[in-house]
Amino acid sequence: MGLARSFQNLLLALALCSATASGEASRRFWVENDTFWKDGAPFQIVGGDIHYFRIVPEYWKDRLLRAKALGLNTIQTYVPWNLHEPEPQSWEFKGFTDIESYIRLAHELDMLVMLRVGPYICGEWDLGGFPPWLLTIEPAIELRSSDSTYLSLVDRWWGVLLPRVAPLLYSNGGPIIMVQIENEFGSFGDDKNYLHYLVQVARRYLGNEIMLYTTDGGAIGNLKNGTIPQDDVFAAVDFDTGSNPWPIFQLQKKYNLPGKSAPLCSEFYTGWLTHWGESIATTDASSTAKALKRILCRNGSAVLYMAHGGTNFGFYNGANTGENESDYKGDITSYDYDAPIKEYGDVNNSKYKALRRVIHECTGTPLHPLPPDIERANYGLVEVQKVVSLFEIIDNISDPLKVAISEQPLSMELMGQMFGFLLYTSEYQEKHSYSILSIPKVHDRAQVFVSCSRGVVRNPRYVGIIERWFNKALQIPNLSCSSNVSLYILVENMGRVNYGPYIFDQKGILSSVEIDGVILRHWKMYPILLTALSNLSEFQPLMQMTGDQASKVSIYGDSENMLHDVSFYLNEGISDEPSFYEGHFHIDSKSAKKDTFISFRGWNKGVAIVNNFNIGRFWPARGPQCALYVPAPILKPGDNVVVIFELHSPNPELTIEFVKDPDFTCGK
């Protein structure tokens, strides 16, 4: 008996040696006895969400090292479809979208990866990660469903993505231990055929060894609708930090196969999102750490959402709705999330320190050294000058091939203008002392201008704003035109809804437009291409006109009204006219290039572009965000150029200020 046991032990030892020698043969991650196992040993996931697409690639390593120093062994990230397929079958996997390099970097740093491939991700990201061109398909497809057209497009997308990440699976020698399908589907619907199909496609490209998982809120209804244990898909849960985790983990067991329910909170909220017009969301460091301790010190697993939030650069922020689709709330540019690793990488804060202590106490993980702080600079005040108004260069910054004429207004998506701004123009005939303009459905924010149609229009007259969340008719004063009146409506897409029943969120004017109850027809639409702003300096800066000059120019085109509203010109620099401003600042050397923030206090609303990189939206008039983050890799030694598209009134002093710290104290 003893000899037999010794022989068996020898065989086991030889098998282990052989597996070790073959390297990848011994690599396996699975769940058994309600425990995660990695290479034959129990494993506790201590993870955190860090989204590669919210960080400049030059800082990927820095943010991962800060996560590792926090005590994390796993990184979780979404994969936004809209970044990787911005146009049908046009694929992007470089720069911000180089997901393979990001995963390999995590592997080099000895960190595991949980990959959330969607196709829907939520994530406070535009349209929940769906490409907006999906909204142009006719007949309209049903997102997140068994709609055959939708499924074929998901299949095509995953047919490109999944073969790229398959070599990076843990069993293939990479760091990916789990792949999530969909996201919190149980709070949206109950189409199990849809989920089954996603599993089939994932298995086709990734094989049967990889652990697939779902994430749903820790309540019966969510788990009942969103889990598919019969497909051997692991069900993870999420819940707020004020909840007692262990009753929820017990509930989780009912929606996993027997013995396959390792307690995992795949979204442990370290903070929360913030919309424009709200106070910045914060959570208490001590209570957050105590909530994490209740999970980790009982050998549960958790993924911090977020470990590091990052930034919604460009136009990719998402939005939420309330009781109806008009109750719209756009997310701010910063995605700091009050996470332990701040938007700009700071870890010298109470939340990071408290969570680090808890992770070390509960898991015994050695404390890895902290990376050195990334320096930030205060470059001070920078003067800007008005270069040109939108209406003066509309033909220069609109692709003539995309300018369209239609009887009715077209959505931004149908115009091929997936993000940013679209200018709608039409004409009407004055009949009364004033006219009433009504746009029943506009997504999301429209600025209205008018002028007489005859003659060269330099500066249309500002009338007012119609907003999705506060839609009201506008009264347009009589211009006493001898010709028709030209109507200009500049519509801003402020970010598509990413969660809930109103996710099919088209942008632009989505209804008829009425003047005095009569439907207005014959529209011309100009997509605004902010990518053309790299040539803005070629335009001659506008000179402030004297009163004498103003008296010789009419915004209406009628000689009898030349003196009307001269004050509009005398105060041109602080008008409600959308305009472009430009500023320059010098950095002496590469070593002087540091992270900074641009403070927009005193400005109103718009977009800022630094060295041709769209750093995002500013809206200090609404708040709470006052300053936009500018990572050092965007800057360069020598001359740096800031272009500002201000929709309303600039800072009267025509300055911006580069500061060292974030600021979330603007607004009412």
- [ ] Find the residue count for the stretch 139-180, including only residues that are touching a helix residue (DSSP H, G or I) at 6+ places or on another chain (Cβ under 8 Å) and of a type in the set (S, T, N, Q).
- [x] 4
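Looking at the stretch 173-182, is at least one residue over 17 Å from Gly226 (Cβ atoms) and part of a strand (DSSP E or B)?
So in the stretch 173-182, the residues over 17 Å from Gly226 (Cβ atoms) come out as 173-177.
Narrowing the set further to residues that are part of a strand (DSSP E or B) leaves 176-177.
Within the stretch 173-182 (the criterion being over 17 Å from Gly226 (Cβ atoms) and part of a strand (DSSP E or B)), the answer is yes, since at least one residue qualifies.
Scanning for something farther than 22 Å from Arg617 by Cα, surrounded by fewer than 19 Cβ atoms within 10 Å (Cβ to Cβ) and either in the same structural domain as Leu143 (by TED's automatic domain parsing) or among the aromatic types (Phe, Trp, Tyr) (or both), does the stretch 483-499 turn up at least one residue? It would help to see each step written out before you state the result.
Kept after step one, since they are farther than 22 Å from Arg617 by Cα, are these residues of the stretch 483-499: 483-488.
When the remaining residues are screened for being surrounded by fewer than 19 Cβ atoms within 10 Å (Cβ to Cβ), the result is 483-484.
Going one step further and asking which of them are either in the same structural domain as Leu143 (by TED's automatic domain parsing) or among the aromatic types (Phe, Trp, Tyr) (or both), we end up with none.
No.
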Open item on the list: Of everything in the stretch 273-288, what is crowded, with 17+ Cβ neighbours inside 10 Å, out of contact with any Lys or Arg (no Cβ under 7 Å at 6 or more places or on another chain) and among the hydrophobic types (A, V, I, L, M, F, W, C)? Give them in sequence order.
Closed with: Leu273, Ile280
Task: Pick from the stretch 257-272, criterion crowded, with 22+ Cβ neighbours inside 10 Å and over 30 Å from the mean Cα position of the chain (by Cα), ranking: nearest to Phe664 (Cα to Cα) - done: Ala262
Task: the stretch 128-166, subset farther than 26 Å from Arg104 by Cβ and among the small types (Gly, Ala, Ser), residue surrounded by the most Cβ atoms within 10 Å (Cβ to Cβ) - done: Gly128
Open item on the list: So the check is Cβ under 9 Å with 6+ separation or different chains; which pairs have a first residue in the stretch 27-44 that's without any contact (Cβ under 8 Å) to a residue 24 or more places away in the chain and under 16 Å from Asn73 (Cα atoms) and a second one that's among the small types (Gly, Ala, Ser) and assigned to a strand (DSSP E or B)?
Closed with: Phe43/Ser301
- [ ] Give the number of residues within the stretch 455-482 that are in a loop (DSSP other than H, G, I, E, B), crowded, with 20+ Cβ neighbours inside 10 Å and out of contact with any helix residue (DSSP H, G or I) (no Cβ under 9 Å at 6 or more places or on another chain).
- [x] 1
Open item on the list: Checking the structure you have, find out if any residue of the stretch 310-323 is aliphatic (A, V, I, L, M), touching a Ser or Thr at 6+ places or on another chain (Cβ under 9 Å) and at pLDDT 95 or above.
Closed with: no
Open item on the list: Condition first: more than 18 Å from Lys342 (Cα to Cα) and assigned to a loop (DSSP other than H, G, I, E, B). Now tell me which residues in the stretch 591-618 satisfy that.
Closed with: Lys593, Phe600, Arg601, Gly602, Trp603, Asn604, Lys605, Asn611, Asn612
Open item on the list: within 25 Å of Leu422 (Cα to Cα), among the charged types (D, E, K, R) and either touching a Cys at 6+ places or on another chain (Cβ under 6 Å) or at pLDDT 50 or above (or both): which single residue out of Arg601, Arg617 fits that description?
Closed with: Arg617
Task: Selection within the stretch 635-668 - under 25 Å from the mean Cα position of the chain (by Cα) and either part of a loop (DSSP other than H, G, I, E, B) or polar (S, T, N, Q) (or both) - done: Leu635, Leu647, His648, Lys660, Asp661, Pro662, Asp663, Phe664, Thr665, Cys666, Gly667, Lys668
Open item on the list: So in the stretch 342-383, with the set limited to residues that are part of a helix (DSSP H, G or I) and of a type in the set (Val, Ile, Thr), which one is surrounded by the fewest Cβ atoms within 10 Å (Cβ to Cβ)?
Closed with: Thr363
TODO: Go through (1) among the small types (Gly, Ala, Ser); (2) farther than 16 Å from Asp331 by Cβ; (3) surrounded by 20 or more Cβ atoms within 10 Å (Cβ to Cβ) one by one and return the number of the condition Gly638 breaks.
DONE: (3)
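The values are calculated or read from the model by the stated rules, or taken from the named source; none is laboratory data. Quick caveat: nothing in here was measured; it's all calculated off a predicted structure. Note: ideal-geometry Cβ built from the backbone for every residue, glycine included; neighbour counts use all protein chains shown.
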